[in-house]
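Notes for the one structure printed next.
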Amino acid sequence: MGEKMSQVETVRGPIDVSELGATLMHEHIFVKSPELEENYPSPEWSEEGALKFAHDGLQRLCSKGISTVVDLTVVGIGRSIPRIQKLAATVDVNIVAATGYYTAKDLPPYFELHGPGRRIDIPEPLETMFLRDIRDGIADTGVKAAIIKVVTEAPGITPDVERVLRSAARVQLETNVPISTHTNAEKQTGRLQQELFIKEGVDLERVIIGHSGDTTDIDYLKELIDNGSTLGLDRFGMNSLLPEEQRIDTVIKLIELGYADRITLSHDASYFSVVNEISHRPPEWNHEGVSDRVLPSLRQRGISEDVINQIMVLNPARILSR
């Protein structure tokens with residue numbers, strides 16, 4: 001009898017890891033702020049229009065060979081799984097959901113009062129929430145998270161960010177679900193994340209250090225990889241931070257150094273974002289840049305199909321497999 005293949009949770013339910021195919025590991029579908037938008041609606045938001053826009057975009061991705069999109073939208077930036085379920089039911093792309101908490105500095109007041117030794121003395125609520133999302137499903141949707149998202153921005157590891165990171169680390173150890181991070185490459189906060197995760201006992205092979213493609217500092221990137229992590233080179237199209245040509249050069253250098261098995265490619269784009277409205281967004285920053293520009297450029301510069309398959313298919317499968 002053959003060994004059962006590892007499965008990965010998606011919004012439509014578990015699939016065999018072999019069904020993931022070419023995967024974008026760091027994307028968003030809808031980035032929202034429900035309280036803000038309830039009181040001050042965005043003129044760009046229409047539920048029906050946004051769902052259609054995302055549907056058409058994901059179907060285009062499918063036609064370009066992308067099979068799976070990891071949606072790293074978590075609590076703090078408007079995660080709504082019922083909305084994503086509606087979308088997932090209409091498209092041919094797998095959508096992977098995330099747990100975690102998005103904050104670059106401070107948590108909401110709820111967490112100041114709730115937790116071990118606090119006024120309302122309960123087990124760490126962040127750990128409880130992350131575990132429930134992974135084991136039981138998010139809210140009452142039945143959709144299980146397959147990855148944990150955390151953030152360390154320019155302020156570094158503030159007390160509240162540390163609380164999120166430690167909660168993510170402990171849940172990772174308990175579930176073996178991977179962690180994907182947001183970092184500030186200029187401040188090299190990926191290094192800070194790795195140091196904390198090591199102290200918590202996390203195997204850094206289960207950690208993607210995100211937004212690493214915002215820098216051309218190869219020594220810094222090599223350090224992150226040599227410590228065990230995979231790099232998320234995941235902001236193609238954000239040329240205001242670093243031109244795409246330099247981002248592609250970085251991919252080539254890392255491949256030449258033998259690190260093709262420690263790279264993922266993506267965009268960090270969204271089909272709607274209350275933070276980065278479409279009307280103010282550069283047109284090249286979307287979910288299709290990897291398919292339309294980056295992979296063709298890699299091929300033109302002599303990167304083989306085996307290496308591209310490693311980056312787009314095998315690396316995401318290894319990371320998402322439990």
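The values are calculated or read from the model by the stated rules, or taken from the named source; none is laboratory data. Since the model is a prediction, treat every value here as computed from it, not as a measurement. Counting neighbours? That spans all protein chains shown, and the Cβs are built from the backbone with ideal geometry, glycine included.
Listing for the model above:
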| read-out | value |
| --- | --- |
| Breaking point among (1) more than 19 Å from residue 186 (Cβ to Cβ); (2) among the aromatic types (Phe, Trp, Tyr); (3) in contact with a Gly (Cβ under 9 Å, 6 or more places away or on another chain), for residue 197 | (3) |
| Failed item in (1) in a loop (DSSP other than H, G, I, E, B); (2) modelled with pLDDT of 95 or more; (3) closer than 30 Å to residue 176 by Cα, with residue 311 passing the rest | (1) |
| Residue in the range 8-41 that is nearest to residue 99 (Cα to Cα), counting only those that are surrounded by 15 or more Cβ atoms within 10 Å (Cβ to Cβ) and hydroxyl-bearing (Ser, Thr, Tyr) | 10 |
| Cβ pairs under 8 Å, 6+ apart, first in the range 144-159 and touching a residue at least 40 places away in the same chain (Cβ under 8 Å) and farther than 15 Å from residue 105 by Cα, second of a type in the set (S, T, N, Q) and not in a strand (DSSP E or B) | 148/172 |
| Helices (runs of 4 or more DSSP H) contained in the range 24-138 and holding at least 1 residues under 17 Å from residue 166 (Cβ atoms) and among the hydroxyl-bearing types (Ser, Thr, Tyr) | 125-135 |
| Residues of the range 270-314 that turn out to be surrounded by fewer than 18 Cβ atoms within 10 Å (Cβ to Cβ), under 30 Å from residue 33 (Cα atoms) and of a type in the set (S, T, N, Q), as a count | 2 |
| Evaluation of residue 71 against (1) in contact with an Asp or Glu (Cβ under 7 Å, 6 or more places away or on another chain); (2) farther than 25 Å from residue 20 by Cα (one fails), failing number | (2) |
| Conditions (1) in contact with a Ser or Thr (Cβ under 8 Å, 6 or more places away or on another chain); (2) farther than 27 Å from residue 87 by Cα; (3) not aliphatic (A, V, I, L, M); number of the one not met by residue 234 | (2) |
| Output for the range 138-154, where each listed residue is surrounded by 16 or more Cβ atoms within 10 Å (Cβ to Cβ) and not hydrophobic (A, V, I, L, M, F, W, C) | 144, 149, 152, 153 |
| Index of the failed condition, residue 132 passing every other in (1) surrounded by fewer than 22 Cβ atoms within 10 Å (Cβ to Cβ); (2) in contact with a helix residue (DSSP H, G or I) (Cβ under 8 Å, 6 or more places away or on another chain); (3) closer than 30 Å to residue 7 by Cβ; (4) of a type outside the set (Val, Ile, Thr) | (2) |
